[in-house]
1. Closer than 19 Å to N10 by Cα and not small (G, A, S): which single residue out of D73, D85, D38, D60 fits that description?
Amino acid sequence: MLKDLTVLVNRMLAEKFKILSELNRWEEALKAAIQRADAAERKSPWHCIDIVTICLKLKDTEKAFAWLNKAVDRGFLSYTELYNDEFKLLHKD
């Protein structure tokens, strides 16, 4: 039963993140994304990459690099993904 509740909470946080992102409400989307990354049973690097993209939209490269490091720690290997336009700010540092 606890596992079912955890799955439900993760789904709700994922939807909250998606909706807030679509509305360009980046500060709130960032909070939801961090909650989702922390609450996830499976620690996916892609949750961290979602946070990186929001940090970059907020022009917070320091926090973006911190979450990029967490993504790598969680197994992120798709480095070519970082050449997409949404990650341009990372290239300056």
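Every number here is computed from the coordinates shown, using simple stated rules; none is lab data. Since the model is a prediction, treat every value here as computed from it, not as a measurement. Here Cβ is always computed from backbone atoms with ideal geometry, including for glycine, and neighbour counts include all displayed protein chains.
1. Just a single option satisfies the conditions, and that option is D38.
The rows are residues; the columns are (1) in contact (Cβ under 8 Å) with a residue 60 or more places away in the chain; (2) touching an Asp or Glu at 6+ places or on another chain (Cβ under 7 Å); (3) hydrophobic (A, V, I, L, M, F, W, C).
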| residue | (1), (2), (3) |
| --- | --- |
| T53 | no, yes, no |
| A64 | no, no, yes |
| K70 | no, no, no |
| Y83 | no, no, no |
| K88 | no, no, no |
| H91 | no, no, no |
